[in-house]
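Here is the structure we will look at.
The values are calculated or read from the model by the stated rules, or taken from the named source; none is laboratory data. A quick note: this is a predicted structure, and the numbers were derived from the prediction, not measured. Methodologically, a virtual Cβ is constructed for each residue, glycine included, from the backbone with ideal geometry; neighbour enumeration extends over all protein chains shown.
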Amino acid sequence: MNIFPTSACVIVLVKRGDQFLLGRKSVWPEGRYSLIAGFLDFGESLEECVHREVMEEAGVEVENLRYVGSQNWPFPSQLMAGFVADYAGGEINIDGEELEDVRWFSRDAMPPSLPAKRSIARWIIDSYT
């Protein structure tokens, strides 16, 4: 019997044509970028969380969300639900609290560093870009 609560998180690859949106936290190693992610708020669906997190952290809107997988990441008490979404509009507007940079990348122009291969973030990037 599990007596520990599970915290749900979402992580999303936002696609715009052949480009995809990645963000960077200031505490990460230089040049590391990853997908937009965040925790589910009370009373919020996973899909609502994706929309909110992308807007809060990157300032853009998304549509056509597709669930692609999950992982107990980064801790066993957290469940990360992975999505791919299409860009629906807006200009990048960094929140300044969680991310220090957000950019569009392509397969031909990747950032210098990506998440570890064992992570759902890297699996989504490798599988859907």
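Of note:
- Residue check, Ala109 surrounded by 14 or more Cβ atoms within 10 Å (Cβ to Cβ) and among the small types (Gly, Ala, Ser): no
- Only a single criterion out of (1) assigned to a loop (DSSP other than H, G, I, E, B); (2) hydrophobic (A, V, I, L, M, F, W, C); (3) more than 15 Å from Leu21 (Cβ to Cβ) is not satisfied by Val68, namely (1).
- Top-ranked residue of the range 1-47 - restricted to ones that are farther than 12 Å from Ala81 by Cβ and of a type in the set (S, T, N, Q), ranked as surrounded by the most Cβ atoms within 10 Å (Cβ to Cβ): Ser34
- Residue that is modelled with the lowest pLDDT [pool: residues in the range 1-32 that are under 10 Å from the mean Cα position of the chain (by Cα) and not β-branched (Val, Ile, Thr)]: Cys9
- Scanning the range 71-97 for residues that are at pLDDT below 95, under 24 Å from Glu61 (Cβ atoms) and buried (at least 16 other Cβ atoms within 10 Å of the Cβ) returns Met80, Ile94.
- Residue match in the range 113-129 (condition: more than 15 Å from the chain's Cα centre (by Cα), in contact (Cβ under 8 Å) with a residue 12 or more places away in the chain and at negative phi): yes
- Filtering the range 112-129 to residues that are surrounded by 15 or more Cβ atoms within 10 Å (Cβ to Cβ) and assigned to a loop (DSSP other than H, G, I, E, B) leaves Leu114, Pro115, Ser119, Thr129.
- Scanning the range 6-40 for residues that are part of a loop (DSSP other than H, G, I, E, B) and in contact with a Cys (Cβ under 7 Å, 6 or more places away or on another chain) yields a total of 1.
- Applying the set (1) outside any strand (DSSP E or B); (2) at pLDDT below 95 to Val50 leaves exactly one unmet item: (2).
- Candidates Glu63, Glu44, Glu53, Glu100: the one that is among the acidic types (Asp, Glu) and in contact (Cβ under 8 Å) with a residue 60 or more places away in the chain is Glu100.
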